[in-house]
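Student: Okay, here's the structure, questions in a sec.
The values are calculated or read from the model by the stated rules, or taken from the named source; none is laboratory data. Note that the structure is predicted; figures quoted are calculated from it, not measured. Please note: Cβ atoms are built from the backbone with ideal geometry, for glycine as well, and neighbour counts cover all protein chains shown. Protein only, heavy atoms only, side chains kept; ligands, DNA and RNA dropped before computing areas. Shrake-Rupley method; radii C 1.70, N 1.55, O 1.52, S 1.80 Å.
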Amino acid sequence: MPKTRLLVISMLSALLAACGGNKSATAPEADAQKAAAVTAKVTQSRLNNADKEPGQWMTYGGTYNEQRFSGLKQITADNIKELGLAWFADFDTNRGQESTPLMVDGVIYVSQAWSKVNAYDAKTGAVLWQYDPKVSGEFGARGCCDVVNRGVAVWNGKVYVGVYDGRLVALDAATGKEVWSTLTTDQSKFYTITGAPRVANGKVFIGNGGAEYIYRGYVSAYDAETGKQVWRFYTLPGNPADGFENKAMEMAAKTWTGKWWEKGGGGSTWDAITYDPKTNLLLMGVGNGAPWNSKARSPDGGDNLFTVSIVAVDADTGEYKWHYQEIPSEEWDYDAVQQITVADIPINGTTRHVAMQATKSGYYYMVDATTGQLLVANNFVPVNWTSGYDLATGRPVINDAARYTKAEGPRIAQPGPVGAHSWHSMAFSPNTGLLYIPARESSIAYTVMPNGSPGNFNLNVNFTGGDKAYDEPGNKIPRGGDTKILAWDPVQGKAAWSVVTAGSAVGMQVTASNVLFSGNGAKREMQAFKADTGEQIWSYPVQAGIAAGSMSYEIDGEQYLAQVVGGGGPGGYYAPTYARLLVFKLGGKAQLPPNAEYTQAPFAPPAQTATADEVAKGGTIYGGACAICHGDGGASRGMFPDLRRSPLLVSQQAFDQVVLGGIRKDKGMTSFEGKLTAEETALVRAYMVDRAIAAKNAPAFAPPGQ
Ligand code: CA
């Protein structure tokens, strides 16, 4: 199978954990007395001074500045060998888990896949309530990267969750019952929400994703009490004929050409939103243009504002204040949506109020948080798309050799779209002065698709032909690379130390007692390091995929450490996988149950009745419609069913019940009725039977245990 195709699939599923749909869950009755005591009285004053309450974790990044720095000091390098599991809680879905829990006044609020939210007694792990927004399974196919959710917000007795299908929901923190629900997106388009809301001054801020489809990005603010929209800031202009929403859109429109609005334009806001109380600015990270191919979206050039930018708006009004565009006319999916961390850092003897971001592009950026002026730009992994930044103009010197829109054939760009750093949380320690970055080395070969775009996506790029590019004499760029924990000097723009890990990147948390918590995705381990030196001091086998950032809290004088894990289990979709909240403390004695035994289903294809030509046609259809989830040749990497092993291959009728009949839409397998004809699904099945026979006859080449 073409390695490039695998790369594409691994890139799109790299952030994911394994998938198994929704298991049936019985919501336990909440302890009424306990629930009644829950208040979650988070106020502006408490959030502004969150660093003074290190025992709480009241907002996604720990404090407004998104440093993920815990002021707790009980767990140290000297006693960490005593750190054990205090309690754990199983989630009822084993799809990807990316969330960081909040802990307010003794209660943990944590989101999970399908935008579900659970509340637990933070000391005992007793379930207080569970909330399921009941996202229609069909929405599962509308995002690039699974039905994940990264976190909730808490404010004045309510818990806020952005729901995958575009809703923003406020829950009563005491009961988990809906207080209000508002639709923030046009559900006829492929908008999804996976990021955590933020709250400030009575407003809830939420963005959305979808710049791999027909999409125009924005961030909205809603009244925290009523759910009424207060403002919306679009990240790029729409059709000028419809008028501009504000002066910023008029300015931005001058940087676009052609009819970009017909293809959406992109500019997704799927992760970073940072409220900075010092400036009352809301900093939003803005993603790639859509289509990725810059000539397809803006044929006569232009910077395409505000794609791939940090944009600052007045948090009260949504009025544009400044922007810093990291990559004008970007075309590699180097989203600038990654975590924006604000800090006061001494630079040349002066303390500067700065915002820092390490993005998919492989570059670390530090800008003045009040003006957006670029202060530092250095690469933290090998890159080939630029030779560096001109700090005076803030613009990169782009290496045309990586610009596939200037080429006939494939061009390798490094990093690839999976990114050097994606949503996985960074941490900043004011004690060490270091920024901890979960980094990955990668590359991919891009080829312009002049006529349309592959599958359901709006990229105008494909990833075939990569073998040719990598095998070209003189090519020195490797296909992959290391996953690393980087301790980054934010002023010098270079690593102070680094540790090579493997597999998925894992989010960071750093504590006042010089402990850095992260992990190793391939080893399925949570790990701890000395924050100043990188010396590893602890590990714990979590039995599951691990990618999310951890957090700390304190109850009755004890420091707890909470980490969400899930998915990624060996054996893939059909195997038991574990999605859990793990909570540790010194002297914790709880034990995880042993891993369940599992044997992968055998390849058992029916006899092939199709011709070689039909199989080839089926492969082409499969590549466009199915491969994005089910992997190259059906060999899913664990996230979705390995179709070569599917019992549905036995008959066309069984196959079509799912593919056209949609009987598994509640699990995220949308119906392809209207998208594929019965003739086409027959060709796809013929192709899959061919792949299954090939796998059966050459088991040595089947991915072991996947
Ligand atoms: Ca993107």
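Student: Search the range 356-381 for residues being touching a Ser or Thr at 6+ places or on another chain (Cβ under 7 Å) and of a type in the set (A, V, I, L, M), and hand back the single one that is farthest from LEU283 (Cα to Cα).
Tutor: The extreme case among them is MET356.
Student: If I filter the range 176-187 for residues that are hydroxyl-bearing (Ser, Thr, Tyr) and closer than 22 Å to VAL42 by Cα, do I get at least one hit?
Tutor: Scanning the range 176-187, I find at least one residue that is hydroxyl-bearing (Ser, Thr, Tyr) and closer than 22 Å to VAL42 by Cα, so the answer is yes.
Student: Moving on to the next point. Please count how many residues of the range 277-297 are closer than 24 Å to ALA315 by Cα and either within 16 Å of the ligand (Cβ to nearest atom) or open to solvent by 10 Å² or more (accessible area, probe 1.4 Å) (or both).
Tutor: Result for the range 277-297: 10.
Student: Name the single residue that is modelled with the lowest pLDDT among those in the range 619-661 being open to solvent by 30 Å² or more (accessible area, probe 1.4 Å), touching a Gly at 6+ places or on another chain (Cβ under 8 Å) and part of a loop (DSSP other than H, G, I, E, B).
Tutor: ARG637
Student: For the range 676-693, indicate whether the set of residues that are closer than 22 Å to VAL147 by Cβ, part of a loop (DSSP other than H, G, I, E, B) and at pLDDT 80 or above is non-empty.
Tutor: no
Student: Among the residues of the range 282-297, is there at least one that is of a type in the set (D, E, K, R) and either closer than 21 Å to PRO197 by Cβ or not in a loop (DSSP other than H, G, I, E, B) (or both)?
Tutor: Scanning the range 282-297, I find at least one residue that is of a type in the set (D, E, K, R) and either closer than 21 Å to PRO197 by Cβ or not in a loop (DSSP other than H, G, I, E, B) (or both), so the answer is yes.
Student: If you take the residues of the range 298-317 that are outside any strand (DSSP E or B) and open to solvent by less than 10 Å² (accessible area, probe 1.4 Å), which of them is farthest from the ligand (Cβ to nearest atom)?
Tutor: Checked the range 298-317; the qualifying residue farthest from the ligand (Cβ to nearest atom) is ALA315.
Student: Considering only the range 334-362, state which residues are within 16 Å of the ligand (Cβ to nearest atom) and open to solvent by 10 Å² or more (accessible area, probe 1.4 Å).
Tutor: Matches in the range 334-362: GLN339, LYS360.
Student: Return the total of residues in the range 382-406 being open to solvent by 20 Å² or more (accessible area, probe 1.4 Å) and farther than 22 Å from GLY287 by Cβ.
Tutor: Number of matching residues: 10.
Matching residues to (1) within 16 Å of the ligand (Cβ to nearest atom); (2) in a loop (DSSP other than H, G, I, E, B); (3) within 19 Å of LEU486 (Cβ to Cβ):
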site	(1), (2), (3)
ALA392	no, yes, no
PRO396	no, no, no
THR405	no, no, no
GLY409	no, yes, no
ALA420	yes, yes, yes
TRP423	yes, yes, yes
THR432	no, yes, yes
PRO438	no, no, yes
SER442	yes, yes, yes
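Student: Do we find a residue being in contact with a Phe, Trp or Tyr (Cβ under 9 Å, 6 or more places away or on another chain), outside any loop (DSSP other than H, G, I, E, B) and within 16 Å of the ligand (Cβ to nearest atom) anywhere in the range 319-329?
Tutor: Yes.
Student: Next question. Being open to solvent by 10 Å² or more (accessible area, probe 1.4 Å), under 15 Å from TYR109 (Cβ atoms) and in a strand (DSSP E or B) is the filter here, so list the residues in the range 161-184 that pass it.
Tutor: If the condition is that a residue be open to solvent by 10 Å² or more (accessible area, probe 1.4 Å), under 15 Å from TYR109 (Cβ atoms) and in a strand (DSSP E or B), then ASP172, GLU178, VAL179 are the ones that fit.
Student: Quick check: anything in the range 264-271 more than 16 Å from the ligand (Cβ to nearest atom) and not acidic (Asp, Glu)?
Tutor: no
Student: Evaluate the range 447-454: report whether one residue or more is touching a strand residue (DSSP E or B) at 6+ places or on another chain (Cβ under 7 Å) and within 16 Å of the ligand (Cβ to nearest atom).
Tutor: Looking for residues that are touching a strand residue (DSSP E or B) at 6+ places or on another chain (Cβ under 7 Å) and within 16 Å of the ligand (Cβ to nearest atom), one finds at least one in the range 447-454, hence yes.
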